[in-house]
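What follows is calculated from the coordinates using simple rules that are stated; it is not laboratory data. Quick caveat, the model's predicted, so the values are computed rather than measured. Note that each Cβ is placed from the backbone with ideal geometry, even for glycine, and that neighbours are counted across all protein chains shown.
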Amino acid sequence: MIDTPILVSIVGAGPAGFALAVDLERHGKSVLVYSHPDRARHASHVSKNGGLRSSGLIDHSTKPPITFDMKDVVEFSRIIILTVPSTGQETVLQELKKFDLRQHTIIAVPGNSFSLVAQAEMEIGAILETNLSPYSCRMNQGELVVLGKKSLFFMASLQRLSPTASLKIQNIFPMEVKWCHNVIEVSLNNINGVFHPLMMLMNAGRIESTGGDFYLYSEGLTRSVANAILAVDAVRLKVGEAFGFRLKSVVETSNECYGHSFTDLVDLAQNSKPHRKLKAPADIVNRNISEDVPDLLVCWYGLAKKLGINASPIKAVIVMAEMATGENYMEKGRNMKRLHLEGLSRDELIARFGMTPKEAP
Ligand SMILES: NC(=O)c1ccc[n+]([C@@H]2O[C@H](COP(=O)([O-])OP(=O)(O)OC[C@H]3O[C@@H](n4cnc5c(N)ncnc54)[C@H](OP(=O)(O)O)[C@@H]3O)[C@@H](O)[C@H]2O)c1
């Protein structure tokens with residue numbers, strides 16, 4: 001008997017989407033990659049090169065089919081993985097809304113509360129989201145370099161999944177899926193919100209004066225930056241605790257995803273292979289701010305406020321990012337209103353997303 005290959009549509013033709021495409025193909029899946037027609041720089045390079053060459057942790061060449069038409073995406077597979085930044089998810093949703101997706105499963109990688117936005121827009125068979133992208137990767141002229149690959153990532157479904165459906169989702173990915181109770185727990189496990197904005201803001205002068213020519217972690221995450229990161233992390237952990245989740249600290253979560261055993265952030269920054277050689281972005285207007293502040297920190301701040309938790313460290317980062325960039329992230333980010341949670345009281349919020357005594361560890 002011949003097994004039919006698993007087909008997967010990948011929406012988002014950037015480094016993370018292409019890294020997933022290469023890795024899934026290596027593991028026997030068939031993929032179709034969608035690039036938004038106005039965002040085709042990486043896809044055009046890959047087409048011009050006649051295929052995709054990946055080096056680093058994934059040494060492989062392939063010729064992934066690429067489309068600019070969402071109709072192809074929907075017809076190719078009932079599994080659609082989004083790998084656009086969360087700031088691009090709503091553009092993609094507007095395209096997806098033209099189709100009947102009641103039999104489809106969408107997995108947003110990472111989600112940053114995508115499912116709470118999407119469910120208000122359209123009916124989708126199942127909406128899932130992850131905390132992070134499983135790959136740390138960069139692209140240049142259509143060539144991919146994979147610098148890090150996680151051994152697990154966190155995922156949750158908005159709708160309840162049967163054990164068979166969960167197994168099918170796990171079978172897509174070449175790394176362990178660790179199931180969370182719900183999408184709020186997944187958002188709180190996206191530790192990029194803890195790392196990125198503070199590393200960017202506390203190194204803003206250096207980023208701008210060197211055009212990012214330094215190592216963001218090994219040179220930029222020093223003791224005082226680590227102390228500030230831990231203050232934000234403490235709020236994230238308190239929010240998790242109010243829902244009954246047993247979140248791990250930022251260092252422990254990173255360790256769990258990469259199979260490391262660091263005990264301190266500075267030690268991680270100096271010695272973690274996937275982190276220590278990552279160059280800083282060339283500019284502070286970068287998704288480390290423009291994605292992680294509005295779609296993670298603003299959400300966590302809104303949750304903390306509803307739960308009666310002092311979130312002044314998170315607010316300080318949001319306000320600093322707003323002052324530095326001139327953007328109003330509180331307003332345009334995933335605040336309680338945009339996530340359709342504004343009308344909920346503290347108790348209703350906990351009743352909806354908190355763990356029941358039976359689920360509690
Ligand atoms: N790459 C990594 O190492 C890494 C690590 C951890 C997490 N992630 C997360 O994984 C996601 C994807 O990462 P990536 O590096 O592949 O990102 P990316 O290159 O910035 O974006 C992926 C693709 O989405 C497109 N896009 C951006 N904004 C869009 C919009 N508003 N509408 C339609 N398309 C849009 C991009 O076009 P343009 O090229 O024109 O911007 C690109 O083709 C992000 O959420 C990122 O934070 C990535």
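For the chain, what does the helix formula give at 222 nm: sum of -39500 (n - 2.57) over DSSP H segments with n ≥ 4, over the residue count, nearest 500 deg cm²/dmol?
Computed mean residue ellipticity for the chain: -12500 deg cm²/dmol.
Along each principal axis of its Cα atoms, how long is the chain end to end? Whole angstroms, biggest number first, please.
Largest to smallest, the principal-axis extents are 56, 48, 38 Å.
Using the basic label-point model (7 angstrom from Cα toward the beta carbon), what is the A165 to R53 distance in nanometres?
Placing both labels 7 Å along Cα→Cβ, they lie 4.3 nm apart.
What is the set of long-range amide H partners of Y217 at a cut-off below 5 Å, with H atoms built 1.01 Å from backbone N?
L278
What percent does the relative contact order of the chain come to when contacts are Cα pairs within less than 8 Å and at least six residues apart?
On the way: 645 pairs, mean separation 52.1, N = 361.
Relative contact order for the chain comes out at 14 percent.
Report the relative contact order of the stretch 1-66, percent, no decimals, based on alpha-carbon pairs under 8 angstrom and at least 6 residues apart.
Computed over the stretch 1-66, the figure is 32 percent.
Expected output is a single nm value to one decimal: the length gained when fully extending between E95 and T4, i.e. 0.36 nm times separation in residues minus the C-alpha distance. What is it?
The span from E95 to T4 would gain 29.9 nm if fully extended.
So what is the relative contact order for the stretch 63-193, in percent, with contacts set as C-alpha pairs under 8 Å and at least six apart? Intermediate values should be presented prior to the final figure.
Details: 202 pairs, mean separation 26.1, N = 131.
It comes to 20 percent, rounded to a whole number.
May I ask you to derive the FRET efficiency for D264 and R39 from their Cβ-Cβ distance with R0 = 30 Å, giving the value to the nearest 0.05?
Efficiency, rounded to the nearest 0.05: 0.20.
Taking 0.36 nm per intervening residue step and subtracting the Cα-Cα distance, what contour gain separates S224 from K63 on full extension?
My answer for the length gained is 53.4 nm.
Any idea how far apart D72 and K273 come out in nm if each label point goes 7 Å out from Cα toward Cβ?
3.6
What percent of all Cα-Cα pairs in the stretch 192-353 falls into each 10 Å bin, going from 0 up to the bin containing the maximum distance?
Pair shares across the bins are 11, 38, 35, 15, 2.
Sorted by mean Cβ packing within 10 Å, highest first, what order do the peptides 199-206, 172-179 take? Spell out each step's value before the answer.
Values: 199-206: 18.9, 172-179: 16.9.
For the peptides 199-206, 172-179, the packing ranking is 199-206, 172-179.
Apply the Debye scattering formula to the stretch 1-127, with a single equal point scatterer on each alpha-carbon and no solvent, then give log10 I(q)/I(0) at q = 0.15 Å⁻¹.
So the normalised log intensities work out to -0.67.
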